[in-house]
Every structure is written in structure tokens, then in C-alpha cells.
Amino acid sequence: MQNPAARTRNQSLIIIIILLSSYYPSLFAPFNSVDDVKMVNQLINVDTISLKDLFFSGGGGQYYRPLLFLTFLFDKFAWGVQESFMHLENVLFHLVNTLLVFCLARQFVKAWRWDTQYLPFVVALLFGLHPIATEPVNWVSGRTDLLAGVFVLSAILLFTRSIHQASFWRGAAGAFLLLCGCLSKETALFVLPVLLLWCLVPPRDCACGASVRLRAFLLVSYLASGFAYLSMRWHALNGGDKIVSTMASGTSSSGAAFGMWDMIRVGLKTSGFYCKKLIVPFPLNFGIIEISPHYIWLGLLVCVGVCYCLYARTTVSYLFIAAFCLVSPAFVLPLLKITWTPVAERYAYIASAPLLVALSFLFIRGLQSRLPPQAITLFVTILLSCVGFVTIERNIVWQDNVSLFEDTVKKSPSFSAAKNELAIALVDRGKTDEANKILLANSGDDTQPSSINKIKVAVNNGRFEEAYRMMRERKASGVKEGKDSLDLMYLINEQRFKTSKNESQSRKIHMELLAILEKLHSLSGDPVYFYRIGKVQLRQGNRLAAKQSFESAWRNSAPDCYYHDAAKKLAERL
């Protein structure tokens, strides 16, 4: 008979081989046009690392995830933001989480003295091959869930080992890792309530009998971890925490107001949706924008189940509560409207770990005495084979942005943002005509990126007056003007000037060009815009104003700037 240490080592090796084989296609996936490209461009422009700015920027925003950005900085300085290596990191983070689930399941099996050799192995594979993991693993920007998962699962593992082994240092280490999880993604904080509950009211089936002193130590340690995170977030986002302000004001980012009844209704509906998604994840969709109102009934059952778990007060029931707490921050996201999609598979990634552990234990406890071992083995083999096949197939879909967004548009045909991303992927593939047809037929409103791409189609086809009209309509709808839209408006007006037929129209276009350049300068402070303003003023015939602009350009620019000498010569000549 194989000794336990060798069996554990062999099972771990098999898990590693199966996971790496299943996610091998992910290594060849490109950067996703949603968030990935923007993040990579930001990394390219970073030359130095300032931990002070990283952890205490003092600005505003909705995300405070310094450890996540630290991993991306590592990518830049280690291997120059190579997409294959960044995807490999995501796969390795998921592998670590799978091994942590394996250790967590072994911890409970050992504590309960169950005579089962393969349950932790099966639970780990169910988590590692769960199709819901394909989104955070294949999407580089989805690393936030994977990284937070590493710290949250490590914190839970150390917490339970501290309880069962009466170890104070393990409890302290777990509290520190929970803080790291919160610094990777704020939703990690929501595992804290169930850990505090465990300290105050231990599970009835917990035979370890942790001392009051140890439980008090754990309670204080994990509370301190939570308060430390909230304090760091408050200092880092003292310019304005968008999530807190949105919740406090009861108004979404789009301006729509919501009240307590809306929060209850949407919370019940989304809790039912995630319950179903965790157990039956189909259909897999990167762009879920609406869910059936009938999920509210399943949400009510979930709430009843949580209440029963609080009453039952067993280890398994606490694992169910942990899963509920970890996914609960996603319940109100449809109201806040601060994310690309109101609901998403990745939001349930961390919660799937305690849920699968709890469900597997219930399955074994309920059926082990009723079914022969051969039947259980056959069922588990078929189940793992099916989820493994689906996961590999989904990884292949993520291998290509065209196939991914074609799948997304097929499953969410009214999602205009997904159509816009599909058009971008088609342009990268060289299928410009097909992309233009999608953009022109897209029904997205003026606040979405697709409206800009529609305008670019008109520009590329030489329809500058039509593009100008669409830009004016976009501005009138209240869309904030950024650098990209201002640059596009400048390009359109330059082309309109070339085809203008009278002096009055030319003068009006010149005034608009100057106004755009002044806005661009106010956004960036770059003196190059003084140089460009001077060129427009010179074309107008306003030599005095042009001279002042050229002087400002060369006096405020570095000597090695491409326009420095030219601006100085023009200022002297005028």
C-alpha cells in the first residue's frame, strides 16, 4: 500500500500535469482589446517603480490594487511585457490556487478522520478544471481574481490549520495574507465575516476545541487586517473613492438613481444567477449584459440556504457561507454600472473554491454508504472528463480575439460594446470591410467607444462633414472630451478646411482648430501645442499671435525637442 506522503506527492504531480496540459492553449492567446491593451500601453510608459506612489497615490478612482499592478510591473522589467509570459503567469497563479484547494480539502479530511484517499484530489481537479476559471485565466487583466485567490485561499488554509493545530503564528500569517488579498482585489475583504464568525461561534463538528485565547487572538488579528486595508485604501484614494461615493449617493455612473428596493431585487436576482453559474456554468459568455428576472426565485432559495447554514453551524455550512460572502460584492454591480459588464463569470472564481469543497463533502457523506465505489468512480471520471473537455474548448476560443468576440456577440447580440471589440479584432486580422459593416450597423449610444469607431469609418471613407456632425452629436450628448476624441476632431476639421469653399467657413474652422489645441494643451501641458497653435495662427495671417505662440513653444520645450529650433526661428523671423 502506498504511503500517504508518496500518494500526496503523486496526486499533486498529476494535478500539475493535467492543469498545465488543459491551459496550454492559453499561452498563445493575444492581448484582449478590453483593458489588456490599455494596461500594456500604460506599462510601456513606466520607467521607474515608486512603492510610495503605488501604495499611496493620493488620487481618486474605484480600484485600489497595488499588488496586482506590482505583478504587471514585474512583467515589464522581467521580460518586456511579452504576452505569452503574462498568460503563463495567470496559468501558474491558477495552478497555485488549485493546489491550495487540494491542501484545504486534505486539511478537512484529516481533521474529520475520514478514510478517503482521493476526495481532495477530485475536489482540486473540479476547481482547476471548472469552466468558470477560463475567463480570469485567459484574460491578462483577470489576474486580479487569480492573485486575490492565492492570498484568500492561503489565509483560509492557515486559519484552519491555526485552529486545528493551536498555532498562533499561522493565524498571524493568515491575517497578513488576507491583507495582501485585499490589496490584490477589494472583494477579498468579504471573506472576513465568515472567519470572524468562526472565531466567535466555532462549528459544532469542530473536534479540535480551540482555546478561547487562540480564538480571541485570531479575531483581533483578522479584524486588524481588515482595518489596515480600509485605512490604506482611504489614504490612497483620498481624492475620491468612486465605489463608496456611488453607493452613498444611490446614483450609478450613468446617473440613474437606485434605492433599497432596487438593491434587494437586483441582489436576489444576481445571487440566484451566480448560484446557478457556479454549479451549471453554461453558456460561457465573456459579455453577459442581462439575466433572466426568474433568477430572483433562486436567489430567495439561496438566502434561505444561508440562513439554514447559520443555524446548522457546521464546517460545511461555514464553507457555503464563505462562498456566498466572496461572491456577494458582485450582487450590486449591475446597479453601480462601473464595470464593462454588469455580471461576469470571473466574479465567482474565488467563491467556487469553498463551494466545491463543501459540495464534494456533502456528496461523499450522502452517497458513499448508498452507492458502490465503482459507481462513484465512474460518475467522477465522467464529470471530470466533461468539465475538462469544456475548459480546453473554451481555452481554444480565447486563443483568438475574433473567435472570442464572435462567440460573445452570438450569445449577447444586443451588446454593442462587444460588436465594437469584434470590429477591432477584424481590423487587426485585415478584414477592414467586414469590420466597417459591423460598426455602421452597431446601435450603441454616443457614450460608447463604438460611436468613435463609426466616426473613424466615415473619416476613412472621406465623409468628413458626416463625421463632423456625428462628433458634434456625441459632444451634445454629454460625452466627456478626452485626448483621443479631440485629436480626431482636429483631424476632421483639418480635412474640412482643405475642402472649404468660402472664407467664412475657413475662418470658423480655424477658430475650432485653435479651441481644440488649447483644450489639448490644458489636458497635457505639453508645449508642442503652442507650436501647433502658432502654425494655425500663421495660416490665419495673425502674425503677432503666432509669434507669441512660437516663443512659448521654444521657451517651454527641451532643446532636443523636434520643434524647439523651428519654433525659435519662426519666433525670431516674425
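The values are calculated or read from the model by the stated rules, or taken from the named source; none is laboratory data. For clarity, every value in this text was computed on a predicted model and none was experimentally measured. Note: ideal-geometry Cβ built from the backbone for every residue, glycine included; neighbour counts use all protein chains shown. Heavy atoms of the whole protein, side chains included, go into the accessibility calculation; ligands, DNA and RNA do not. Shrake-Rupley method; radii C 1.70, N 1.55, O 1.52, S 1.80 Å.
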Report task. Using a cut-off of 14 Å between beta-carbons, work out the net charge of the residues near Q62 (Lys and Arg +1, Asp and Glu -1, Q62 not included). Result -> +2
**Report entry** J(HN,Hα) series, the stretch 162-179, from Karplus relation 6.51 cos²θ - 1.76 cosθ + 1.60, nearest Hz, glycine and proline x
**Finding:** 4, 5, 7, 10, 6, 10, 6, 5, 5, x, 5, 5, x, 5, 5, 5, 4, 4
Requested in this report: Run the accessible area of the chain with a 1.4 Å probe and give the carbon-and-sulfur part as a rounded percent.
Outcome: 62
Report summary line: Over the stretch 403-526, with neighbouring protein chains present, the accessible area per residue in Å² at probe 1.4 Å is 54
Query - Pairwise centroid distance, computed over Cα atoms, of the stretch 308-373 with the stretch 1-20, Å - result: 26
Report summary line: Measuring from the longest principal axis of the C-alpha atoms of the chain, the long axis of helix 449-460 (C-alpha) lies at a number of degrees, nearest 10, equal to 40
Query - the chain - mean residue ellipticity at 222 nm from DSSP helices (-39,500 (n - 2.57) per run, n ≥ 4, rounded to 500) - result: -22500 deg cm²/dmol
Query raised in the report: Applying the Karplus parametrisation 6.51 cos²θ - 1.76 cosθ + 1.60 with θ = phi - 60° to the phi angles of the stretch 95-111, what ³J(HN,Hα) value in whole Hz is obtained for each residue in order, glycine and proline being reported as x?
Result: 5, 4, 4, 5, 5, 5, 5, 4, 5, 5, 5, 4, 4, 6, 4, 5, 5
Report summary line: Computed for the chain: size of charge dipole around the Cα centre, +1 on C-beta of each Lys and Arg, -1 on C-beta of each Asp and Glu, debye to nearest 20, value 660
Requested in this report: Could you size up the charge dipole of the stretch 422-574 around its Cα centre, putting +1 on the beta carbon of Lys and Arg and -1 on that of Asp and Glu, and report it in debye to the nearest 20?
Outcome: 480
Report summary line: Cα-Cα longer than 20 Å, checked against K431/K483; K38/K483; K508/K569; K242/K456; K498/K535; K38/K475, kept in input order, equals K431/K483; K508/K569; K242/K456; K38/K475
**Report entry** Built amide H within the under 5 Å cut-off of T251, gap 5+
**Finding:** F258
Report summary line: Taking placed amide H atoms and a strict 5 Å upper bound, the residues 5 or more places from G60 or on another chain that come that close are G239
Query raised in the report: Along the stretch 354-368, what does the Karplus equation 6.51 cos²θ - 1.76 cosθ + 1.60 (θ = phi - 60°) give for ³J(HN,Hα), rounded to whole Hz, x for Gly and Pro?
Result: x, 5, 5, 4, 5, 5, 5, 5, 5, 4, 5, 4, x, 10, 4
